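To keep things clear, I will list the structure first and then write my remarks on it.
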Amino acid sequence: MRLPALAAATLLSSALATSAPLYVAYPPDGHQVRHPAVLLEGSVQPGASLTIGGRSVPVGPDGLFIEWWPLRLA
């Protein structure tokens, strides 16, 4: 299963809404999974918040985040 483009778009739009840079370390672009969830890892500017699909994602003081994210099956 490919990571839905909508998920990537949501991540990017969240970063644009706060105008803070967003770096997604995992999963890489085009990544395919065999499970109904994926581990999101990356970073935002220290002190920034991150919201994906209306859900707040915990961010460390250094800006790093890691979140187990359920995927919607089409």
Can you tell me how many residues in segment 25-38 are farther than 16 Å from G53 by Cβ, among the small types (G, A, S) and surrounded by 10 or more Cβ atoms within 10 Å (Cβ to Cβ)? 1
Return the residues of segment 30-46 that are within 14 Å of A20 (Cβ to Cβ) and touching a Pro at 6+ places or on another chain (Cβ under 8 Å); say none if nothing qualifies. V44, Q45, P46
Using the structure shown, decide if T18 is surrounded by 10 or more Cβ atoms within 10 Å (Cβ to Cβ) and at pLDDT below 85. yes
If you scan segment 39-63, which residues turn out to be surrounded by fewer than 15 Cβ atoms within 10 Å (Cβ to Cβ) and in a strand (DSSP E or B)? L39, E41, R55, S56
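The values are calculated or read from the model by the stated rules, or taken from the named source; none is laboratory data. Everything numeric in this text was worked out from a predicted model, so none of it was measured. Virtual Cβ from ideal backbone geometry, glycine too; neighbours counted across all protein chains shown.
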